[in-house]
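Data first, discussion second: the structure below is written as structure tokens.
The values are calculated or read from the model by the stated rules, or taken from the named source; none is laboratory data. Here the structure is a predicted model, which means the values were calculated and not measured. Heads up, the Cβs are rebuilt from the backbone with ideal geometry, glycines too, and the neighbour counts pull from every protein chain shown. Ligands, DNA and RNA are excluded from the accessible area calculation, which covers all protein heavy atoms including side chains. Shrake-Rupley method; radii C 1.70, N 1.55, O 1.52, S 1.80 Å.
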Amino acid sequence: MKFKKALVTSLLACMLPAAVMAKDLQVGVSMALFDDNFLTILRTAMQKEMTKDGVQGQVEDAKGDVSQQLQQIQNFIGQGVDAIIVNPVDTNAVKPLMDAASKAGVPLIFVNRKPAGELTDKMAYVGSDSELAGRLQMEALAKAMNGKGNVAILMGDLANESTRDRTKGVEAVVAKYPGLKVVQKQTAKFTRNDAVDVVSNWMTAGDDIQAIASNNDEMAIGALQALGKNPNHILIAGVDGTPDALQMLKNGKMVATVFQDAKGQGEGAVQTAVKLAKGEKVEKVINIPYQLITKDNMAQFESRNQK
């Protein structure tokens, strides 16, 4: 009787789909920091996609610390994850992360922030062209300024690829207009509070500024807070397309923002991780396009990039 029962159990197991029999994929995710509006939207998108795909995910906060992020990657490897997704703290300090993943043979997917290093086997980047964001943003400001005036740039974290490339994009557009000039350029580390301080200092110093190109929406909103009622009518543009920025657009306080597709990046990162974990081929760079948002077209973006 015991033999017959074992035989039936064995036969039933053979009849079950392979997906049921296979162990759930385990993915470790290390975010540069949780305390950021856009990265929160990105993190939520990844978690939803992992739930949808039946992927077991462990999401950690590196709190802006390079060494803590490396420790998280090493812990993921020690736990035997099938793939790792990283939103790097410092895009210039990714070699130790790459070396650790390569040595362990674990697929490594960078998301949102492009690493400064060659992607080798079992590696990919899912994100957007940061220089294009700067160009789109500055073209909108240049149009609103009629091609004349002084521009200040609020830069993000200087260790970040997107800071360098978005700023480069802004400067490339300014160079096309003889009447435009960059008169200030300073980091506010992608944060609202730091932007308040930087812009307040510019105003106190009496800097002649007609527009501020911000590397992200959080700093753009900080600039608006520093300007108060904005008596000089300084024009502001950001990047990300967060709900807060869209509200500022609706109220006429911002000229433009650039939509960065958090859902597209998050879903793309998880899907790429699953494919690499299964041994499938993927593109080294998966580009998620940027789109300019103005008051005229903002309605189509209002339901996107929600937390």
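Brief remarks on what is shown
- Scalar couplings 3J(HN,Hα) for the stretch 175-183, obtained by applying the Karplus form with A = 6.51, B = -1.76, C = 1.60 to θ = phi - 60°, are 5, 7, 10, x, x, 9, 8, 7, 10 Hz; x denotes Gly and Pro.
- Evaluated over the Cα positions of the stretch 191-307, the convex hull gives a direction-averaged projected area, one quarter of its surface, of 8.8 nm².
- Solvent exposure of the stretch 126-284, expressed per residue, is 41 Å² of accessible area, with all protein chains present and a 1.4 angstrom probe.
- With 19 Å as the limit on Cα-Cα distance, the pairs of 114/263; 122/275; 63/189 all stay inside it.
- In Å, descending, principal axis extents of the Cα set of the chain: 91, 39, 31
- Within the stretch 106-154, trypsin sites (Lys or Arg not before Pro) in DSSP loop having at most 15 other beta-carbon neighbours inside 10 Å: 148
- For the stretch 236-243, backbone phi angles converted through the Karplus equation (6.51, -1.76, 1.60; θ = phi - 60°) give residue-by-residue couplings of 10, 9, x, 9, 2, x, 6, x Hz, Gly and Pro being listed as x.
- Full extension of the chain between residue 250 and residue 183 yields a length gain of 21.3 nm, computed as 0.36 nm times the residue separation minus the alpha carbon distance.
- For the stretch 45-106: Kirkwood Rh in Å [reciprocal of mean 1/r, alpha carbons]: 12.4 Å
- Exposed-loop-free span, longest in the chain, where GluC sites (Glu not before Pro) count as exposed if DSSP calls them loop and at most 15 other C-beta atoms lie within 10 Å: 119-279
- Within the accessible surface of the chain, defined with a 1.4 Å probe on protein heavy atoms only, the carbon and sulfur portion equals 52 percent.
- The chain, helix-only ellipticity at 222 nm - DSSP H runs n ≥ 4, -39,500 (n - 2.57), divided by all residues, nearest 500: -14000 deg cm²/dmol
- Here the Gaussian network model covers the chain, with springs between Cα atoms less than 10 Å apart; of 32, 205, 101, 205 fluctuates the most.
- Using a simple spin-label model with pseudo-atoms 7 Å out from Cα toward Cβ, residue 175 and residue 225 lie 3.4 nm apart.
- Global form of the stretch 121-165, assessed from the alpha-carbon gyration tensor, a/c cut-off 1.5: oblate
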